[in-house]
Amino acid sequence: MRNLRKPIKTAKIKTPLGIAFLEGDENGLRTIRISDEEGTDFPEISPILQPAAKQLKEYFSGERTEFDLKLNPQGTEFQKKVWLELQNIPFGSTTSYLELSRKIGDEKAIRAVAAANGKNPLWIIIPCHRVIGNDGSLTGYAGGLHRKKWLLDFENPPAQQSLF
């Protein structure tokens, strides 16, 4: 019996927050990881991953606020339910873990929602950085709180105060 599964393609691109590693196949984008790794070796990007690389570059250049990609994150049904709801948080907005729990229909599942949020394999595209504490505090972020703060400020820059 032959294995008919197509191999996972990988790519890496530079972002203002570090190197983003993309993985996917014809079924969609599976993961995006971020790293502080330095490097200049960026091999040609597979056609399968070119739309994701292009849209991420557009996002970071301020040209894109929504992603239109075929996604295939791997996780439990509950995690996928949370990740689907995360995609409804608009650019420049935030929500709390409690509100997210309510939106998936179980206010008491707040810890499970937070855990699913932390397992999100598609950093930025599934915008887990837009979830904050009930008190407005920045809570844990797999990419580091400095990246979460950067992303939130990037999406909703503070209003510049007048000098006069």
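Taking the accessible area of the chain, probe 1.4 Å, and keeping the other protein chains in place, the carbon and sulfur fraction comes to 51%. Shape analysis of segment 1-97 places it in the oblate category; the axes a ≥ b ≥ c from the Cα gyration tensor give an a/c of at least 1.5, with a/b not above b/c.
Placing +1 at every Lys and Arg Cβ and -1 at every Asp and Glu Cβ, with all other atoms neutral, what dipole size does the chain have around its Cα centre, in debye to the nearest 20?
On the way: 23 positive and 20 negative charges, 100 e Å.
Using Cβ point charges on Lys, Arg, Asp and Glu, the chain gives about 480 debye.
Here, segment 68-108 yields an orientationally averaged convex hull projection of 3.4 nm² when only Cα atoms define the hull.
Placing unit charges on each Cβ (+1 for Lys and Arg, -1 for Asp and Glu) gives the chain a dipole about its Cα centre, and among L122, T95, F42 the Cα reaching farthest toward its positive end belongs to L122.
Taking R0 as 25 Å, what FRET efficiency do you get between R64 and T139 from their Cβ-Cβ distance, rounded to the nearest 0.05? Spell out each step's value before the answer.
Working: r = 26 Å, r/R0 = 1.04.
It comes to 0.45.
With the cut-off at 26 Å, report for the chain the share of all Cα pairs above it, as a whole percent.
31
Just the accessible area per residue of the chain, please: how many Å² with a 1.4 Å probe?
Spelled out: the 1.4 Å probe surface of the chain, per residue, equals 61 Å².
Only DSSP H runs of four or more residues enter the estimate; each adds -39500 (n - 2.57), and after division by the residues of the chain the mean residue ellipticity at 222 nm equals -8500 deg cm²/dmol.
Just to confirm the filter: which chymotrypsin sites (Phe, Trp or Tyr not before Pro) across segment 85-131 are DSSP coil and have at most 14 other Cβ within 10 angstrom of their Cβ? Walk me through the intermediate numbers first.
On the way: sites: F91, Y97, W123; in loops: F91, W123.
Passing sites in segment 85-131 are F91.
Take every Cα pair under 8 Å whose residues are at least 6 apart in sequence, average their separation, divide by the length of the chain, and the relative contact order is 18 percent.
I want to make sure I understand the PRE zone here: with the label point 7 angstrom from the Cα of K103 toward its beta carbon, which residues in segment 28-72 have backbone N atoms less than 16 Å away? Only 66-67 pass the distance filter. Between G144, I8, N156, the Cα set farthest toward the positive side of the dipole of the chain (charges on each charged residue's Cβ, about the Cα centre) is that of I8. Once all protein chains are placed together, D135 keeps about 130 Å² accessible to a 1.4 angstrom probe.
The values are calculated or read from the model by the stated rules, or taken from the named source; none is laboratory data. Being a predicted model, the structure only gives us computed values, none of them experimental. Cβ atoms come from the backbone with ideal geometry, glycine included; neighbour counts cover every protein chain shown. Just the protein is used for accessible areas: all its heavy atoms, side chains included, with ligands, DNA and RNA removed. Shrake-Rupley method; radii C 1.70, N 1.55, O 1.52, S 1.80 Å.
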